[in-house]
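The next block holds one structure in the form of structure tokens; read it before the comments.
The values are calculated or read from the model by the stated rules, or taken from the named source; none is laboratory data. Here the structure is a predicted model, which is why all the values come from computation and not from measurement. So basically every Cβ, Gly included, is an ideal-geometry build from the backbone, and we count neighbours across all protein chains shown.
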Amino acid sequence: MTSGTQTLQHIRQPGAFDYFKLTILGCLWSSAFLCVEIALQNFSPLVIANWRIVIATLTLLPIVWFFKEKWPRSMHVWTLLTGAGFLYNAIPFTLISWGQQSISSGMAALLMSSGPFVALLLAHVFTADEKFSVIKLIGICIGFSGVALLLGAEAFSGSVQTLTGQLAMIAAVSCYVLSSLVIRRIQGVTPLMISMTVLATSSVYMLPLVFLIAEPLPPITNQWSVVALVFLGVFPTAAAYIIRVQMLQQVGTTFMAQVSYLIPPFGLFWGWLFLDQVPASTTWIALLLILAGLAVTSTKYARRSA
């Protein structure tokens, strides 16, 4: 093992309960794009990112107090926590809210499926126990072909503004994957405390920033935007964060990245349920490809190094 990977926690092979948690996480995360689309009716992207972080922090604070969790004392750990907060909260939350000004919640959810590509490459380079395999690549290609079918020509024929919104989503995904690698280096801290401290450190610099350059409390013109913002902070952020950190430490970055395959179908479902966005007929074929890709990458052969 190289010096760059000595501080990584060892992971185990995922079990049935891990797949269940992965499904719950996909359900929660996909709802975030619906919430952002509704919240944008009243709040700016930076303000949404800020209050999402602050609400999630306030949600986890009493839970940490109730379970008498111990705060980290190592300066090295706090450095990693601050970096993780920057990569997992401040940058991607702002990019997602900004990007969704020009693309729909369904499109945003679909673009999150690029995560496995980024995770496959970065995990292979920066970890010792998540190496590249040919079968894993085949599974990812099958899954992403389903996403390509869902996107269709719209991904290539949109306006410049639409393209920048799409690229913002890809950049947000990359930040998520990088933060996963940082979180895996944090040892001796529970998933709950990691979630709390990463959110808290983000709040420290996001809250003053939004008061300096934005309008943190604009006049409320749409009450549902407030409801969506609160829901966004509590469930797709605070609750999902605990699940994600726990899974990162136990089953690794590459397995966690497969949640990106579950976000598109769930995202389409929420758009249909709440925004009357009816999926095209090709959607069902695309979803089969996505699920097939997930199945291939989950086989024992995919876990063997090439």
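Of everything in region 115-154, what is among the polar types (S, T, N, Q) and modelled with pLDDT of 70 or more? Give them in sequence order.
Scanning region 115-154 gives Ser133, Ser145.
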Inset, instruction - Looking for whichever is small (Gly, Ala, Ser), in contact with a helix residue (DSSP H, G or I) (Cβ under 6 Å, 6 or more places away or on another chain) and over 16 Å from Ile183 (Cα atoms) here; the options are Ser104, Ser44, Ser30. Which one fits? - result: Ser30
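Residues of region 193-206 being farther than 18 Å from Leu232 by Cα and either under 18 Å from the mean Cα position of the chain (by Cα) or touching a residue at least 24 places away in the same chain (Cβ under 8 Å) (or both), which ones?
Correct list: Met193, Ile194, Thr197, Thr201, Tyr205.
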Inset, instruction - Select from region 59-113 the residues that are of a type in the set (Gly, Ala, Ser) and surrounded by fewer than 20 Cβ atoms within 10 Å (Cβ to Cβ) and list them in ascending order. - result: Ser74, Gly83, Ser102, Ser104
Inset, instruction - Please give the helices (runs of 4 or more DSSP H) falling wholly within region 61-111 in which 3 or more residues are modelled with pLDDT under 90. - result: 105-111
Legend entry - Single residue of region 203-246 satisfying the filter (touching a Phe, Trp or Tyr at 6+ places or on another chain (Cβ under 7 Å) and surrounded by 15 or more Cβ atoms within 10 Å (Cβ to Cβ)) that is farthest from Ile48 (Cα to Cα): Ala240
Inset, instruction - Would you point out the residue of region 207-256, among those that are at pLDDT below 90 and of a type in the set (Phe, Trp, Tyr), that is nearest to the chain's Cα centre (by Cα)? - result: Tyr241
Inset, instruction - Using the structure shown, decide if Gln187 is more than 22 Å from Ile263 (Cα to Cα), loosely packed, with under 15 Cβ neighbours inside 10 Å and more than 22 Å from the chain's Cα centre (by Cα). - result: no
Legend entry - In region 26-50, the residues that are part of a helix (DSSP H, G or I) and surrounded by 24 or more Cβ atoms within 10 Å (Cβ to Cβ): Trp29, Ser30, Ser31, Ala32, Phe33, Leu34, Cys35, Val36, Ala39, Ile48, Ala49, Asn50
Inset, instruction - Could you check Ala56 against (1) surrounded by fewer than 21 Cβ atoms within 10 Å (Cβ to Cβ); (2) assigned to a helix (DSSP H, G or I) and say which number it fails? - result: (1)
